[in-house]
């Protein structure tokens, strides 16, 4: 399904001279029913189920589900991170898995039970302690998970996260457009979500 | 054994931003040029509106070769240097001009005479301690015709602030005199650029729009900018960014005198016993070739220019090519450029879209545009704000001490504010120092077994002071624009790997203190020209590419005019 969206980008981008009106026309002709980007879990996950459980518990506290909408878990951030570790961050995988194990050890030592089994409040207490540098060996890991969570939450959905564009809706990023007119850059009328052209989603997708 | 190829007039090593313009005057004059480029042609379909592709994974900016050639870095000679995380270089036809922001500045006349102007106005003691700064062997006026040529050949958008001495407040009132207006007006103004210009004027500054090698109008059969907002570290999907790959290189190809060899990994430049360059030895698809030439133009990124020269040892040059005076690698400058000042605004800025170069600039606190008496530094910084904020970068915003960096409170904060914050990009006038140089790393090697470049960059006093002074002015600017929070996080370490790396084979009059002459030819090897940032003597408070291109064109014209003596 990734190919479908890339092909459309290519078609639009391949011409050498594109007046804005022509791009507008091309946008208008894009089918609203084009397939959504691939969301399947990786075929060969980088994490086993226990490791994934720790990660999901972690990222669920970084960006929790609340009245503002879905959190990192619901948005597929765990899938995003798993795919990174299985592929382009494979060199980082051993260190990352050590981090998950160390988080669990820290939780056992300070709370008496495994991190994923804690209540949300207790998980927050553990993460706050790390954030306040009370577990120096976890400081770098904390920052790394937070960074990857932002990438998964707010990156292009084709990489497995930002499901239904919920991350972009959260920060009110409209979505990329191949051609942007003066009205799209106005401060008086903020741009509306624009997800059809590049991501194959209807204008109201995810709302 | 290397296969010996048929000799050509000129062999160019690296076909990027620098040689990409130089090949045009050469081939127009009928000189046969072979360009060895480590990368390949890129097409608009290689470029995506995708932050992970461009900015996180850096799929556009980095060919495969550069990943093995990332320089190592250390802050003092007692340290073991460590390899940086990501390269700043590029393998592709067009090189870094494909993915750069395309901010296309002329350096200020002061940049060419930092030493003499400083001594004249403030006395010799005002020269920063430990700096090896010299005046350039040419002036702004010498380079002006070439700036003009490049602006018209590739196409630059902007507004003149000094048209042959006539000052226009709509442009950069501090710039050196230019012979004519830019070929295109600035990129589109927006509510945001108007707001920031009004605020700067309120603060008493002289704002103007960024000059950009991006089409603000259709030009030479290519599109106007689509303002889609993925210009930074991406390529242009409508060929509106005027990289050499869509401007001067195709024009040179039309002459029939340019041969481009893609995927050519140059290993060495060879010389004869008299020190004349004889050609370039390269590997392509596992095979070794030697391309003989009458003139060799080395035109890769600063780190690779220096590395190539230090690797190219010979009987004539036992310490590296044209390095018998030990100057190769010296006077390297990592450009001091930071985003130290960040502001939070009470309104949506809507800067998601647009080109990075669709910006607003304040130059009041750069160069010698203000009195430095008693300030304890020379130079200063240009201050720029721009469009083009991507969603991951926006979400990684500072929280101004209002909420933690995660959790429900943070989520509410970014919901409100991810589109309401802004950093100012401060680029400092930067100088060469005794404690800052390039050489070969004793341990880290590339895939061919050659050492990578090593950066040693000791502490500085002048640049952080200049940057801190300019940061105060940036704070004033943001307050005038209605910012409700402004924070400054000083950068006192400076750059490690610099995307504006310059110096290392600097230009000068004497072999004792420089590597190339005022035309870019090596003092010690008369038919070896060097193009690129490595020849710069000082670094202006702005992006260096247009200056590099003006110098490259000048070198090429020099070759054309003096072909017999240089090639003979």
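Read-outs: derived from the displayed coordinates by stated rules, not from any lab. Remember, it's a predicted structure, so these values are computed and weren't measured experimentally. Virtual Cβ from ideal backbone geometry, glycine too; neighbours counted across all protein chains shown.
Details
- Whole-number percent relative contact order across the range B:54-149, with pairs defined as alpha carbons under 8 Å at least 6 apart: 20 percent
- Semi-axis lengths, largest first, of the ellipsoid equivalent to chain B are 37, 26, 24 Å, with √(5λ) applied to each eigenvalue of the Cα gyration tensor.
- Tilt relative to chain B, helix B:302-311 - C-alpha long axis, 0 to 90 degrees, to 10: 30 degrees
- Residues within the reach of a label modelled at residue B:253 (point 7 angstrom out along Cα to beta-carbon, backbone nitrogen below 13 Å), restricted to the range B:266-294: there are none.
- Pairwise centroid distance, computed over Cα atoms, of the range B:523-555 with the range B:242-265, Å: 20 Å
- Sorting the segments B:160-171, B:32-43 by their residues' average number of neighbouring beta-carbon atoms within 10 angstrom, most packed first, yields B:32-43, B:160-171.
- Under 19 Å from the residue B:489 label point (7 Å along Cα→beta-carbon), backbone N, the range B:362-394: B:384-386, B:389-394
- Whole-Å semi-axes of the ellipsoid equivalent to the range B:273-396 (Cα gyration tensor, √5λ, descending): 45, 24, 12
- Label-to-label distance for residue B:313 and residue B:179 is 4.7 nm, based on points extended 7 Å past Cα in the beta-carbon direction.
- Each of residue B:287 and residue A:98 was given a label point 7 Å from its Cα along the Cα-to-Cβ line. The distance between the two points is 4.6 nm.
- Over all orientations, the range B:14-90 has a Cα convex hull whose mean projected area works out to 7.7 square nanometres.
- Mean per-residue shielding of peptide A:62-69 is 4, counting Cβ atoms of other chains within 10 Å of each Cβ.
- Computed from the C-beta positions of residue A:189 and residue A:65 and an R0 of 22 Å, the FRET efficiency is 0.10 to the nearest 0.05.
- For the peptides B:140-151, B:348-359, B:487-498, B:413-424, residues were scored by their other Cβ atoms within 10 Å and the scores averaged per peptide; the highest-first order is B:348-359, B:413-424, B:140-151, B:487-498.
- With all pairs of separate Cα atoms included, the range A:134-207 yields a Kirkwood hydrodynamic radius of 14.1 Å.
- Relative intensity, log₁₀ I(q)/I(0), of the range B:369-467 from a Debye sum that treats every alpha carbon as a point, q = 0.17 Å⁻¹: -0.90
- Taking the range A:49-163 and dividing mean pair separation by its residue count, relative contact order in percent (alpha carbons under 8 Å, at least six apart): 34 percent
- Note on the range B:429-568: Rg/Rh from Cα positions, Kirkwood definition for Rh, rounded to two decimals, is 1.09.
- FRET efficiency for residue B:28 and residue B:262, using Cβ-Cβ distance with R0 set to 35 Å, rounded to 0.05: 0.95
- Across peptide B:54-62, the mean count of Cβ atoms from other chains lying within 10 Å of each residue's own Cβ comes to 2.
- Counts of other chain beta carbons within 10 angstrom of each beta carbon in peptide A:120-130 average 1.
- The value given for the range B:97-228 is a Kirkwood hydrodynamic radius of 16.7 Å, derived from the mean inverse Cα-Cα separation.
- Using alpha-carbon coordinates, inclination of helix B:462-480 to the longest axis of chain B, degrees: 40 degrees
- Annotation: the residues B:132, B:64, B:535, sorted from fewest to most other C-beta atoms within 10 Å of their own C-beta, follow the order B:64, B:132, B:535.
- Principal axis box of the range A:49-163, alpha-carbon based, largest edge first, Å: 39, 37, 25
- Label point 7 Å beyond Cα of residue B:412 along Cβ direction - residues of the range A:117-135 with amide nitrogen under 18 Å: A:121, A:124
- Relative contact order [Cα under 8 Å, 6+ residues apart], chain B, whole percent: 23 percent
- For the peptides B:213-225, A:69-81, A:106-118, residues were scored by their other Cβ atoms within 10 Å and the scores averaged per peptide; the highest-first order is A:69-81, B:213-225, A:106-118.
- With neighbour counts taken as other beta-carbon atoms within 10 Å, the residues A:158, B:295 rank, fewest first, as A:158, B:295.
- Descending semi-axes in Å of the protein assembly as shown, equivalent ellipsoid built from Cα gyration tensor: 42, 30, 28
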